[in-house]
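Just so it is clear, none of the values below were taken in a lab; they were calculated from the coordinates. On a predicted model such as this, the values are computed, not experimentally measured, just so you know. Cβ coordinates were reconstructed from backbone atoms using ideal geometry, including for glycine residues, and neighbour counts include every protein chain displayed.
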C-alpha cells in the first residue's frame, strides 16, 4: 500500500506536519497487553469495589434485575456496532426499535411524543427548562427542592449562561411533598417552568396536579421529572405535565457507577418543534412499504447550527434499546407486577421503621436513624455485607439525622430485617 | 458487479404492538417474601393508574425473534467497512464489552462508599492520566456524556476562566467547515457565533483571523485535522494570534484518530479540547450512542473543572466536592463510566506504540483511498490529507448524479455510505474515513465499488439515482415523514 501511495515509510505520511507540532518523544504509555491481561486488570479493579453486598441505595439509581434477553439483544453486532441511522435503507432495525421506544414512552407517560433519548435524566431537566423558555418566551425556572439534588446542580450549570434565573421552592416538613404556598409565593408572570419530581427525591408521590394548576394559572409550563421509571407501572401518568423529563436507568440499565443511562423528553404534540434530540417518524419507501427515518431534523444542530433547539448529537441509543427490550419483556402485566413487588418490599421495610414524612411513597422513603448518626449505622451494616441507605446530610443539612432507603424486588427480607435492627427500631 | 453482497432471506416483522396478544408474557418474578400491599391504599386510589393501554404482551421467544429479525435490517461495523467521515467507525473490541459487564463494575452504585469504589476510581484516574498524556494537556474531566456535551463543558470552562479575570466576552469564532455542534454549543453557552470563511486551501484563514480577533472574542473553536482531513498548518500561529488578544483556542477532538502518538494538541497551543471516546477510543456507537466526551485542559482551567474531582491521599482515592471556582456539574454522577471502562481497555490493549501504529494505519488507509479514487472523483482541495479524504461530486453531477445518489448506490455493493454533503464548504461532498480497522482486501473492494459507480454514473445514471436496489427497504420518503409527522404507533 505504501508503494501504491508512492511513499517509502510511515513517516512520509506526516511529513507535511509543521516540525514544531510533531511529537519529539513517544507517548509515555506502557506497551499493549493481551486480552487475558486486560480481563485480569479489570477483574482486579472490580474486586476492589463492593462485591456481594445487599444494597438499599436508590436516590436516582436503582437495583432492578436485568432480564437475560436484554444483553442478548444489545450484544448483537447489528445493534452494538451500527451508527446513528441517517441512512434509513440500511438502518430499519434501529429505526423501528426507536419508534417502538417512543411509542412505549408515550404509553407510559401519557404524553403524545417522546424523543429517541437524552444523555440522562439530569441533562433532560435543563433541556426541558430551555424548551419551556422557548415555548413561553420567558426565562425563569422554579424547581422544587425535592427534585434530585444533582439534577438541580446540572440545571444551574446550564441555566447560568442563558440568562435563565433558577429559583427553588421548598417541601413540607411533615408530608415531604412540595410546599404549594411557597411555590405560589414565588410564582410570577416571568416563570417559564415549574419543575417537580414524582416520586420525588424522598420517594414520595408528589402533588403533580396542584403544581400543574398553579403553573398553568400563571402561563408557565409544568415539567415533570421522574428518576424511578418502574413506578410508572402503578402510578397514574402525569396528565397535567407539559413536558416530562425522565431517567430510564430502572429499565434494565446497570448502575455502572452512574452511567451510561438514558434520559427522555416527552411532551404534547403542539410542542414537538421545540423539542431537543432525535425523533424517528413513520413514512413509506418507493415501493410503498412502511419504513421509518429520522425526522424533523430542522430542529437539530447538523441542520440549524447555532439556531438549533439543542446541541445534542450522540445520544444513548443502545441504552434506550435496553429499556425497549425491558419494557417488551415485562409488558403490560409484568411492569405492574414488578411495581407492586417494589411497593410491597419498601412498605415492609418502612413498616418496621418510622418514615420521616407522611406522604405516600413508592419504593423509597426517608427514615430517621436512632441516635442520629447515619454513618455509624451504615458502618455497622457494612460488616454484615449490607450497604445501608443514603445519608441525606450532604444534600439536605436539615435531614442530617436521616437516610434515604430504597427497596426493590431484589431486596431480601432478612437483609431488610437486619437494616431495621441496625437502625435501632 | 463488484459487490460483497448477494440476496438472502430477510424476514418481515410487525411492530410489537401489532403482534401482541392478551395474556402472553416474557417476564418472571420470584414469589414475594413479604406481605403484598394494596396499591390504592399505599399510593392513594387517585394516584393509581389503570392498565397501560396497548403496552406489549409477547412471549419470550417472540420478544427474542422480534429484536433479532429487526437487527438483521441494520448494517453494522461487524458486517464491513463503515467509511463515515468524521465518525471514526472502527472495530469495537469485544473484550471491552466483557470487562464493562464485570459485576463489581457494572453493579457499582454511584453512592456506594468510596472505600468500596476504589476500583472504579482507579479506572477513572488511570484513564484521565492516559488521556492527558495522549493530548499533551494538564488535566482531564471524564464527566461529559458525549462530544457535544464536552464542547459545552469546554466552552463553559473558557467562560469561567475569562470571567474570573473580569473579562467578559461575547463571541465565539467558528470556521465554516465546522461540525454543526460547534455553533449550537456556542449558542447554548450564551455566546454569539461568528463564522470564518476557510481560505482557498480549505484551511483556517489566518489573515482573516488576525483581522477579526479582538477583545470581544472568547475563543476560536477549531477541528484539527479539519473536516477535510487536513492538518491546520498554521495552528501554532492561530494560537498566538488568539492568545495575544486574550482569547482561547478550543479544539474539537472529533478527528483525534489522525493525531494520537503523532502530535499533541497541548503542544500546538490548544487550551481546551474534547475527545470522543466513541470515535478515537473504539467504544461502540450502538446505533447513536452512548458516547463519552472527556475534556482536557491546560493548567489555568483546572480550578474550574466540573465537580467532583478525583483526589488521592494516603493511597486511597476519594471524590473532592470542595472546589469553589468549579463551573458546577454538567450531569449527575461522574460520567458514562461504562464507556470509560471500554476506552481504557482499548488504550491498555494498544499501549503507546500500538496507539501510534493505529494512527499510521488510519492515515495510510485514507491516503491509499485518495490515491486510487483520485482519477475518478474530483478532489476539491489538494493539500495532503490525514485520516479522511473528501471528494466532490462535480464530475458525476454533470450526469445528474449527486453525492447522495452515489452513497445510496454504495449500499448495493455492500458498504455503508460515506458522510454525505459535509463539510459544507465542498460542493457535493463525499467524506470518506476508513479508519485503521480496514485491511487492503476490504479497502480494495470498497475502491472498486466506488470506481464501478463512477462508471455507472456516466453509462447509466438512472441506475445510480434510483439506488439502492437490493435492500429490503428502498429509498425512503423523508419529506413525507417531516410533512406529516407520525412519531408513535396508535391503534387504528
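One table, with the values for the structure above:
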quantity	calculated
Rounded to 10°, Cα long-axis angle of helix A:35-47 versus longest principal axis of chain A	20
10 Å Cβ neighbours from other chains, averaged over peptide B:274-287	4
Helix A:317-351 axis, angle to chain A major axis (alpha carbon atoms, nearest 10°)	20
Two-site FRET efficiency, residue B:398 against residue B:492, from Cβ-Cβ distance with R₀ of 41 Å, rounded to 0.05	0.30
Normalised convex hull volume, chain A, alpha-carbon set, Å³ per residue	207
Prolate/oblate/rounded label for the range A:97-141 (Cα gyration tensor, a/c 1.5)	prolate
Extended-chain gain in nm, criterion 0.36 nm per residue less alpha-carbon gap, residue B:210 and residue B:469	88.1 nm
Prolate/oblate/rounded label for the range A:187-322 (Cα gyration tensor, a/c 1.5)	oblate
Exposure proxy order (Cβ contacts within 10 Å, fewest to most) of A:25, A:383, B:440, A:209	A:25, A:383, B:440, A:209
Highest average packing first - A:268-277, B:383-392, Cβ atoms within 10 Å	B:383-392, A:268-277
Inter-chain Cβ neighbour average for residues B:342-355, partner chain, 10 Å	5
Of A:29, A:248, A:57, the one that fluctuates the most in a GNM where chain A has Cα springs shorter than 10 Å	A:29
Distant alpha-carbon pairs in the protein assembly as shown (separation over 53 angstrom), percent	12
Simple spin-label estimate for residue B:311 and residue A:4 in nanometres, 7 Å along Cα-Cβ	5.6
Theoretical FRET efficiency, 1/(1+(r/R0)^6), r = Cβ-Cβ of residue A:270 and residue B:9, R0 60 Å, to 0.05	0.85
Extension gain from residue B:441 to residue B:371, taking 0.36 nm per residue of separation minus the Cα-Cα distance	23.6 nm
Three-way shape call for the range B:74-471 based on the alpha-carbon gyration tensor, with the a/c threshold at 1.5	oblate
Whole-number percent relative contact order across the range A:69-325, with pairs defined as alpha carbons under 8 Å at least 6 apart	26
Structure-based [θ]222 nm, the protein assembly as shown - -39500 (n - 2.57) summed over DSSP H runs of at least 4, per residue, nearest 500	-10500 deg cm²/dmol
Listed residues A:239, A:47, A:192, most fluctuating in chain A (Gaussian network, C-alpha, under 10 Å)	A:47
Contact order relative to length of chain B, as percent, for alpha carbon pairs under 8 angstrom and 6 or more apart	19
Within 10 Å of each Cβ in A:95-107, the average number of Cβ atoms from other chains	6
For peptides A:197-203, A:180-186, sequence by mean Cβ density within 10 Å, most packed first	A:197-203, A:180-186
Principal-axis tilt of helix A:413-422 within chain A, Cα atoms, nearest 10 degrees	60
Fluctuation leader among A:20, A:213, A:373 - chain A, Gaussian network, Cα springs under 10 angstrom	A:20
Ranked by how many other beta carbons lie within 10 Å on average, peptides B:442-448, B:217-223, A:96-102 from highest	A:96-102, B:217-223, B:442-448
Additional length obtainable on full extension of the chain from residue B:455 to residue B:59, 0.36 nm per residue less Cα span	137.5 nm
For B:69, B:483, order by how many other beta-carbon atoms lie within 10 Å, fewest first	B:483, B:69
